[in-house]
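In what follows, a single structure is set out as C-alpha cells and then discussed.
The values are calculated or read from the model by the stated rules, or taken from the named source; none is laboratory data. All values reported here derive from a predicted model rather than from experimental measurement. All Cβ positions, glycine included, derive from the backbone under ideal geometry; neighbour counts span all protein chains shown.
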Amino acid sequence: MNLNAILDRLQGVRRNGSGWMARCPAHEDRCPSLSIRNENGKILLHCFGGCSIEAVCAALEIKVRELFATEREIYKPEPGIVRETQKQITGLRGRLTRDDRERALTVVLADETNLDAAIARALALAVEEELVQVAIDGNGQ
C-alpha cells in the first residue's frame, strides 16, 4: 500500500514538517494526533493518543505488513559467494589484532564482467585503511 492510499483513508490530514498529521481513526479524535511519515519504503504511523499500530491499522482496514515495502523488495538473499566469503572472514578474524577485529570489513563482489572495477574499488578502500575482501564469483551469479 502506498502513502497516498493511506492518507486518503484519513480525516483532517495536514502537512507537518517531513510528514503529515491526521485524526486517528482508532479513537475519537478532535485534534490530529496521528503522525504519518514515509521513510525508506516504510510508512510510519504513531498515535500520540496511545493507540497501538494494530488498532490504527484495523481502523484503516489494512494489515500492519502493508505499511512496509513488499517482501520481494525487503528480502534480497545474498549470493552464495558472499555467504561463503563471510564464513571465511569469520575464521580469519581470529588471526587479526584486537583493534582490527573491531573494524568493519567491506566485501567487494566481483565476477568476470566487473573484475577490474572491483579490484580497483578494493584497492581504493585498502588505501583508505579499510579491511577489504574481494569475492570472485566464477558462476556469473
Checklist entry - Which of the residues spanning region 120-139 are of a type in the set (Asp, Glu), surrounded by fewer than 14 Cβ atoms within 10 Å (Cβ to Cβ) and touching a strand residue (DSSP E or B) at 6+ places or on another chain (Cβ under 9 Å)? => result 130
Item to check | Residue selected from region 29-70 under the condition exposed (fewer than 12 other Cβ atoms within 10 Å of the Cβ) and among the acidic types (Asp, Glu), by the criterion modelled with the lowest pLDDT | outcome: 39
Item to check | Leading residue by the ranking (modelled with the lowest pLDDT) among those in region 71-95 that are surrounded by 11 or more Cβ atoms within 10 Å (Cβ to Cβ) and not in a helix (DSSP H, G or I) | outcome: 78
Checklist entry - So which residues in region 105-119 are in a helix (DSSP H, G or I) and surrounded by fewer than 12 Cβ atoms within 10 Å (Cβ to Cβ), if there are any at all? => result 116, 117
Item to check | Pair list, Cβ under 9 Å, 6 or more apart: region 104-118 residue without any contact (Cβ under 8 Å) to a residue 12 or more places away in the chain and under 19 Å from residue 129 (Cα atoms), other residue small (Gly, Ala, Ser) and crowded, with 17+ Cβ neighbours inside 10 Å | outcome: 117/110
Item to check | Selection within region 1-43 - assigned to a loop (DSSP other than H, G, I, E, B) and either over 27 Å from the mean Cα position of the chain (by Cα) or more than 18 Å from residue 66 (Cβ to Cβ) (or both) | outcome: 17, 18, 25, 26, 27, 28, 29, 30, 31, 32, 33
Item to check | Residues being surrounded by 16 or more Cβ atoms within 10 Å (Cβ to Cβ) and more than 13 Å from residue 60 (Cβ to Cβ) - total across region 1-28 | outcome: 3
